[in-house]
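Input: a single structure, listed below in structure tokens.
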Amino acid sequence: MIWRLCLFVKNNLRLLLEEFVKLNKTPYFNREINAYLLELIEFTEELIANYNTLPADATRLISKILWSAAKYLSGTSIHKVPYEIVYCLKLALDDWNSDPKLITTALTDDPDFHFMHVNPGVIINLIYPGKNTNKDIIQIAFPTLYRHRPLYIIALYHELGHFIDKQFKITDWSFRSDPVPKDQRKKEEAHRSEYFSDLFAASYAGKAYLQFLNNFAPGDPTTDSHPSTADRIDNLNAFLESRNNTQIDRINNVLLQLGKPLLALKYTKPALTDCFDNLRPYTFKNTNELHGIFEAGFDYLQSVQSAPNQLWSKFDEFKRDKVVNDLVEKSIRNKMITEEWSNATA
């Protein structure tokens with residue numbers, strides 16, 4: 001029985017190696033992804049070659065971590081990933097931490113967004129201390145149906161907020177100055193984490209995130225894992241209207257102690273009308289406008305749905321939704337291509 005289990009895990013590693021090799025032949029917009037795949041291929045080859053000398057528990061654990069890595073790397077290929085919004089997320093991440101990190105994505109069949117954070121190097125370096133694989137991997141999942149709807153996946157800012165929260169232990173720190181009874185800690189910790197991630201998302205996507213939340217989870221009640229949608233909306237409105245409240249004050253006090261940026265609006269709404277009314281992408285003036293296109297895009301979409309001009313009246317509601325999302329996507333993509341070209345010729 002033990003021999004069969006060992007062979008099963010070893011064969012899993014062989015299958016994962018095949019997957020990493022296949023993925024490395026797939027185009028990615030981020031060259032760091034391909035570099036990381038090469039590291040995983042080399043490591044998995046060594047793991048298989050030395051398999052019989054390694055502890056069984058360690059190989060099983062690493063197999064699970066590599067499996068997760070393969071899933072999210074598969075979703076990050078240029079043919080699947082909404083690399084436009086991942087580009088925006090990377091810029092947001094740089095505001096908080098310049099250490100090297102990879103944002104990888106997976107597609108789900110359900111209306112589900114979630115976040116996972118792994119660092120395979122923590123386990124890998126226990127076996128091979130000399131390996132340079134100590135890299136944070138931010139794994140974000142979103143619905144497949146939304147991959148070409150950037151205005152529908154701004155919840156990914158919220159998922160990135162969960163990474164920032166975990167990375168700097170922001171919610172954990174909040175209990176030092178504002179503790180709760182032990183039997184309430186788990187629920188309160190989950191709620192504070194959700195409030196922070198909501199505010200983080202709104203600091204980049206503004207009212208667009210608030211509207212998305214209200215549409216995606218309308219009327220959801222309080223649970224052990226999440227505050228009610230009504231409470232979350234109230235909290236977001238306070239932030240967007242520059243009104244202090246308990247949640248915002250608590251988080252900013254922690255951020256001040258940690259020396260991190262305070263919660264603040266990090267976007268500027270671009271004026272899209274002239275371009276979008278002529279079905280042309282917008283040219284951004286700066287990074288703040290890049291983040292601001294989500295709120296501006298939501299506003300523009302709402303205007304053409306409620307009072308379409310002569311051009312937009314030619315399209316039905318679903319087509320309007322698609323075209324506006326396409327224009328947002330192409331606007332971001334043009335900035336990415338221009339930046340890549342500038343970096344290549346510099």
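The values are calculated or read from the model by the stated rules, or taken from the named source; none is laboratory data. The shown structure was predicted, so the numbers you read here are calculated from the model rather than taken from an experiment. Backbone-built Cβ (ideal geometry, glycine too); neighbour counts: all protein chains shown. These accessible areas exclude ligands, DNA and RNA; they are computed on the full protein's heavy atoms, side chains included. Shrake-Rupley method; radii C 1.70, N 1.55, O 1.52, S 1.80 Å.
Exactly one residue out of V9, V21 is modelled with pLDDT of 85 or more, among the β-branched types (V, I, T) and surrounded by fewer than 21 Cβ atoms within 10 Å (Cβ to Cβ): that is V21. In segment 47-62, which residues are over 13 Å from K10 (Cβ atoms) and not aliphatic (A, V, I, L, M)? Those that are over 13 Å from K10 (Cβ atoms) and not aliphatic (A, V, I, L, M): P55, D57.
Count, please, the residues in segment 281-326 that happen to be in contact (Cβ under 8 Å) with a residue 40 or more places away in the chain, open to solvent by 20 Å² or more (accessible area, probe 1.4 Å) and assigned to a loop (DSSP other than H, G, I, E, B). Here the count works out to 3. Looking at A217, is it over 23 Å from the mean Cα position of the chain (by Cα) and within 24 Å of K187 (Cα to Cα)? Spelling it out, it is not the case that A217 is over 23 Å from the mean Cα position of the chain (by Cα) and within 24 Å of K187 (Cα to Cα).
Which residues, taken from segment 236-279, are hydroxyl-bearing (S, T, Y), surrounded by 12 or more Cβ atoms within 10 Å (Cβ to Cβ) and in a loop (DSSP other than H, G, I, E, B)? Matches in segment 236-279: Y267, T268. Among the conditions (1) touching a Leu at 6+ places or on another chain (Cβ under 7 Å); (2) modelled with pLDDT under 90; (3) open to solvent by 10 Å² or more (accessible area, probe 1.4 Å), K101 misses just one, which is (3). Take segment 72-94 and flag every residue that is at pLDDT below 85, surrounded by fewer than 18 Cβ atoms within 10 Å (Cβ to Cβ) and part of a helix (DSSP H, G or I). Answer for segment 72-94, where residues must be at pLDDT below 85, surrounded by fewer than 18 Cβ atoms within 10 Å (Cβ to Cβ) and part of a helix (DSSP H, G or I): there is none. Taking segment 202-225, which residues are in a helix (DSSP H, G or I), open to solvent by less than 60 Å² (accessible area, probe 1.4 Å), out of contact with any Leu (no Cβ under 8 Å at 6 or more places or on another chain) and not aromatic (F, W, Y)? A205, Q211, listed by residue number. The condition of being polar (S, T, N, Q), open to solvent by less than 10 Å² (accessible area, probe 1.4 Å) and either at pLDDT 80 or above or more than 23 Å from L151 (Cβ to Cβ) (or both) does not hold for T26.
For I170, state whether it is of a type in the set (A, V, I, L, M) and either open to solvent by 20 Å² or more (accessible area, probe 1.4 Å) or at pLDDT 95 or above (or both). So I170 passes the test. Filter segment 31-60 for residues that are outside any loop (DSSP other than H, G, I, E, B) and farther than 30 Å from Y83 by Cα and give the result. Across segment 31-60, the qualifying residues are E46, L47, I48, A49, Y51, N52, T53, A56, D57, A58, T59, R60.
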